[in-house]
Amino acid sequence: MRTPHSPRALAAAAALATAALAVGVVAPTVQAAPAAPGRVSPAAVAAPDIPVANVKAHLAQLQQIANANGGNRAHGRSGYKASLDYVKGKLDAAGFTTSVQQFSSSGATGYNLIADWPGGDASRTVMAGAHLDSVTAGPGINDNGSGSAGILETALAVSRAQLKPDKHLRFAWWGAEELGMVGSRYYVNSLATGDRSKISGYLNFDMIGSPNPGYFVYDDDPTLEKVFKDYFATLSIPTEIETEGDGRSDHAPFKSAGIPVGGLFSGADYTKTAAQAQKWGGSMGQEFDACYHASCDTSSNINDSALDHNSDAIAYALWQLAAGGSTPPDPGGSFENTTDLAVPDSPGPAVTSSITVTGRTGNASSALKVGVKAVHTYSGDLVIDLVGPSGRSYRLHNSSSDSTPNIDTTYTVNASSETANGTWKLKLQDKGPQDTGYLDSWKLTF
Ligand code: DTR
Ligand code: CA
Ligand code: ZN
Ligand code: ZN
């Protein structure tokens with residue numbers, strides 16, 4: 001990074017150096033959050049295997065809880081809150097910060113359980129969720145004890161690994177999904193507007209152990225979809241896109257709020273075709289889960305391989321996505337231009353730096369990340385705009401009287417009206433006299 005040398009810059013730099021020396025502080029640099037002792041960045045380690053025996057042990061507990069509470073774990077029934085207390089106890093013991101969110105539905109109190117893994121960049125939170133409630137007809141071990149137990153054991157694996165994710169990890173167990181995604185919608189609606197864009201992705205797991213399993217991947221956000229498809233490719237298990245699930249589980253409220261969503265599904269009451277039986281095994285002409293919403297959805301209503309593979313896929317995805325900027329989840333998901341570009345001092349012209357995006361599908365997301373690093377002794381001089389392939393401008397930074405030097409910020413832009421592929425530009429103009437600087441680098445993360 002070059003040292004600016006305009007008179008105002010030199011005066012400011014001298015003042016800065018004097019102040020720093022006075023307090024014995026080395027010239028300020030961006031420091032990564034100090035690693036907690038023994039914690040490991042996910043970029044350095046591969047995701048662990050999730051022991052399916054542990055996942056099944058959680059399912060056995062949920063079965064026992066249902067047996068002791070009228071045969072189900074439904075919203076408003078004692079079995080639901082007892083299930084939540086079981087999950088919460090495991091997470092509290094593993095070092096998670098948990099909270100229970102109450103809501104009312106159909107005349108009964110509902111509960112969401114939220115568990116945060118301490119650390120990571122809270123402005124880039126990766127969430128994994130599953131509904132914990134069953135229907136009243138039975139214990140709901142596949143629907144959705146399987147998803148609940150899969151993310152629980154993955155959360156416990158995060159703790160065992162003492163993971164230090166670049167991004168913040170949050171897990172959620174939803175109430176009253178069977179009444180129409182009531183708990184997850186209550187959570188999303190309760191988010192402060194500014195907090196929605198802090199959720200960089202929501203992964204949903206609803207029925208991941210179906211006895212006659214299919215391997216379906218949600219086809220909503222392409223980056224999240226690819227993470228799962230990449231994982232199953234390592235197992236040589238073909239996947240299909242999840243087509244009948246739109247709006248039918250807890251990812252729906254997140255998607256409606258413009259948050260990228262993804263997830264896995266092993267099938268419900270649809271029938272497995274001959275072609276699907278050919279690639280996945282199991283029984284053609286039979287339902288993926290013949291006990292869907294029935295009393296026979298018990299501990300015996302699980303295919304261990306599907307539960308195992310899907311639980312491992314959850315871990316793989318979270319390790320990849322949590323790695324944040326150091327290991328982008330999808331090499332095709334981020335594009336960077338690191339060529340320095342001088343910005344002429346005021347009243348000079350605007351200058352632009354370009355990034356050409358290829359290989360992506362569909363439009364950019366409503367939470368496109370734009371990282372900008374500019375070196376300038378008076379950041380308030382700069383006006384910075386993102387220009388999408390359509391030619392539309394998105395203001396990132398306004399000129400002001402802010403004398404703080406340099407800019408190193410990631411902006412979140414609703415670029416959902418732009419095609420992802422195409423030439424994106426960053427336009428910079430210096431609006432204040434004397435100080436000058438340059439663009440150091442900028443990055444798009446889809
Ligand atoms: N509605 C969910 C089960 C379900 C049915 N189709 C899909 C597709 C994708 C996810 C979930 C589902 C329930 O009964 O909980
Ligand atoms: Ca496993
Ligand atoms: Zn259900
Ligand atoms: Zn379900």
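The values are calculated or read from the model by the stated rules, or taken from the named source; none is laboratory data. In this text, all values refer to a predicted model and were calculated from it rather than measured experimentally. Don't worry about glycine lacking a Cβ; one is built from the backbone with ideal geometry, like all the others, and counts go over all protein chains shown. Side chains included, ligands, DNA and RNA excluded: accessible areas come from the protein's heavy atoms. Shrake-Rupley method; radii C 1.70, N 1.55, O 1.52, S 1.80 Å.
Selection of region 397-417 for residues being in contact with a Lys or Arg (Cβ under 7 Å, 6 or more places away or on another chain) and either in contact (Cβ under 8 Å) with a residue 60 or more places away in the chain or more than 15 Å from ILE384 (Cα to Cα) (or both) yields ASP408, THR410, THR412. The number of residues in region 273-300 that are away from ligand 1 (no atom under 14 Å from the Cβ), outside any helix (DSSP H, G or I) and either surrounded by 21 or more Cβ atoms within 10 Å (Cβ to Cβ) or of a type in the set (S, T, N, Q) (or both) comes to 7. Condition check: within 24 Å of GLY201 (Cβ to Cβ) and more than 13 Å from ligand 3 (Cβ to nearest atom). Does LEU163 satisfy that? Taking the combined requirement at face value, the residue satisfies it.
The set of residues from region 422-439 being open to solvent by less than 60 Å² (accessible area, probe 1.4 Å) and not in a strand (DSSP E or B) comprises GLY432, ASP435, THR436. When you scan region 163-171, do you find a residue that is closer than 30 Å to TYR411 by Cα, of a type outside the set (Gly, Ala, Ser) and within 16 Å of ligand 1 (Cβ to nearest atom), even just one? No. Consider region 54-77 and keep the residues that are open to solvent by 70 Å² or more (accessible area, probe 1.4 Å) and without any contact (Cβ under 8 Å) to a residue 40 or more places away in the chain. The one that is farthest from ligand 4 (Cβ to nearest atom) is ALA68. Set side by side, the residues ARG185, ARG124 differ, and just one is at negative phi and under 15 Å from the mean Cα position of the chain (by Cα), which is ARG124. Among the residues of this structure, GLY95 counts as one that is open to solvent by 10 Å² or more (accessible area, probe 1.4 Å), over 21 Å from SER200 (Cβ atoms) and touching a Pro at 6+ places or on another chain (Cβ under 9 Å). If you check ALA137, ALA149, ALA128, ALA161 for being within 16 Å of ligand 4 (Cβ to nearest atom) and closer than 30 Å to GLY371 by Cβ, only one passes: ALA128. Which one is most open to solvent (accessible area, probe 1.4 Å) among residues in region 100-121 that are hydrophobic (A, V, I, L, M, F, W, C) and under 22 Å from the mean Cα position of the chain (by Cα)? Filtering region 100-121 for residues that are hydrophobic (A, V, I, L, M, F, W, C) and under 22 Å from the mean Cα position of the chain (by Cα), the one most open to solvent (accessible area, probe 1.4 Å) comes out as VAL100. Working carefully through the options ALA27, ALA46, ALA33, find the one that is at pLDDT below 95, within 26 Å of ALA306 (Cα to Cα) and open to solvent by 60 Å² or more (accessible area, probe 1.4 Å). The conditions single out ALA46. Look at region 232-254 and say how many of its residues are at pLDDT below 95 and closer than 23 Å to TRP173 by Cβ. Qualifying residue count for the region: 5.
Every residue, every condition in (1) at negative phi; (2) in contact with an Asp or Glu (Cβ under 6 Å, 6 or more places away or on another chain); (3) more than 16 Å from ligand 2 (Cβ to nearest atom); (4) among the aromatic types (Phe, Trp, Tyr), yes or no:
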residue: ALA252; (1), (2), (3), (4): yes, no, yes, no
residue: TYR270; (1), (2), (3), (4): yes, no, yes, yes
residue: ALA277; (1), (2), (3), (4): yes, no, yes, no
residue: SER283; (1), (2), (3), (4): yes, no, yes, no
residue: GLN286; (1), (2), (3), (4): yes, no, yes, no
residue: CYS291; (1), (2), (3), (4): yes, yes, yes, no
residue: ALA294; (1), (2), (3), (4): yes, no, yes, no
residue: THR298; (1), (2), (3), (4): yes, no, yes, no
residue: ALA313; (1), (2), (3), (4): yes, no, no, no
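Looking across region 133-155 at every residue that is over 19 Å from ALA290 (Cβ atoms) and of a type in the set (D, E, K, R), the one that is nearest to ligand 2 (Cβ to nearest atom) is identified as GLU153.
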